[in-house]
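Heads up: the structure comes next, in structure tokens.
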Amino acid sequence: MIADVLADAGTRMDRAVEAAKDDFATVRTGRANPQLFQKILVDYYGTPTPLAQLASLNNAEARTLVVTPYDKSALKAIEQAIRDTPNLGANPSNDGTIVRVTMPELTQERRKEYVKLVRNKAEDHKVHVRGLRRKAKDDLDALKSDVGEDDLARAEKELDALTRAHVDAIDDALKRKETELLEV
């Protein structure tokens, strides 16, 4: 029973760390990266649809991304969705068949803003991991009548170590992203 609670908490925390890494990937660095467009939703016939389902994304150059829609009628909607995305600063241009997205150079001030944004995202994900720890702790406390005090104390130490490892993993991903952002 204790092992099940710890295993469940571990898998949920693993998913939280992966979500943090995916979230960090959506914050742009100096290069154009298709992952930046991962969370862009395009209004496709009245339905918000992820851009990746409507078009292929390719790097043409370091700061240019080519978006080739599968359905040419969605071209204007794709261009508008990219233009309206906050914190991207992209300038899409439409030539009738594809959308070219040119990413502007990042200024030092903008880089620092992105570092703040990434730190906030990291803190949100760490809070989520701690919330998962709290829920697992409550589940362990519910087992108090079925298991011994020593087993419960040992499980809580394991849970704390698990939580610490996952928070550290988020911090490591944050450090990598910060160095990537501040790299000129």
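The values are calculated or read from the model by the stated rules, or taken from the named source; none is laboratory data. This structure is a prediction, so every number in the text was calculated from the model and none was measured. All Cβ positions, glycine included, derive from the backbone under ideal geometry; neighbour counts span all protein chains shown. Ligands, DNA and RNA are stripped out before the accessible areas are found, and what is left, the full protein with its side chains, is counted by its heavy atoms. Shrake-Rupley method; radii C 1.70, N 1.55, O 1.52, S 1.80 Å.
On inspection, A81 qualifies as open to solvent by less than 70 Å² (accessible area, probe 1.4 Å) and in contact (Cβ under 8 Å) with a residue 40 or more places away in the chain. Quick check on region 84-97. Is at least one of its residues of a type in the set (V, I, T), within 19 Å of E180 (Cα to Cα) and outside any strand (DSSP E or B)? Checked against the condition, which is being of a type in the set (V, I, T), within 19 Å of E180 (Cα to Cα) and outside any strand (DSSP E or B), region 84-97 yields no hits at all.
Taken together, the criteria place A32 among residues that are over 30 Å from V167 (Cβ atoms) and modelled with pLDDT under 85.
With respect to the conditions (1) in contact with a Phe, Trp or Tyr (Cβ under 8 Å, 6 or more places away or on another chain); (2) open to solvent by 90 Å² or more (accessible area, probe 1.4 Å), A122 falls short on a single one, namely (2). Filtered by the rule that a residue be open to solvent by 10 Å² or more (accessible area, probe 1.4 Å) and farther than 21 Å from G89 by Cβ, region 18-42 gives E18, A19, K21. Taking residues in region 40-51 that are part of a strand (DSSP E or B), and partners anywhere that are hydroxyl-bearing (S, T, Y) and surrounded by 14 or more Cβ atoms within 10 Å (Cβ to Cβ), the pairs with Cβ atoms closer than 7 Å and at least 6 places apart or on different chains are L41/T49; V42/T49.
The lone criterion from (1) more than 30 Å from L88 (Cβ to Cβ); (2) assigned to a helix (DSSP H, G or I) left unmet by D146 is number (2).
Per-residue answers, yes or no, for (1) in contact (Cβ under 8 Å) with a residue 24 or more places away in the chain; (2) open to solvent by 100 Å² or more (accessible area, probe 1.4 Å):
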| position | (1), (2) |
| --- | --- |
| S93 | no, no |
| L117 | yes, no |
| A142 | no, no |
| K157 | no, yes |
| L182 | yes, no |
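Across region 114-131, a minimum of one residue is classified as at pLDDT 90 or above, within 15 Å of the chain's Cα centre (by Cα) and acidic (D, E).
Taking the criterion of being of a type outside the set (A, V, I, L, M, F, W, C), modelled with pLDDT of 90 or more and surrounded by fewer than 19 Cβ atoms within 10 Å (Cβ to Cβ), the residues of region 54-71 that qualify are S56, T68, Y70.
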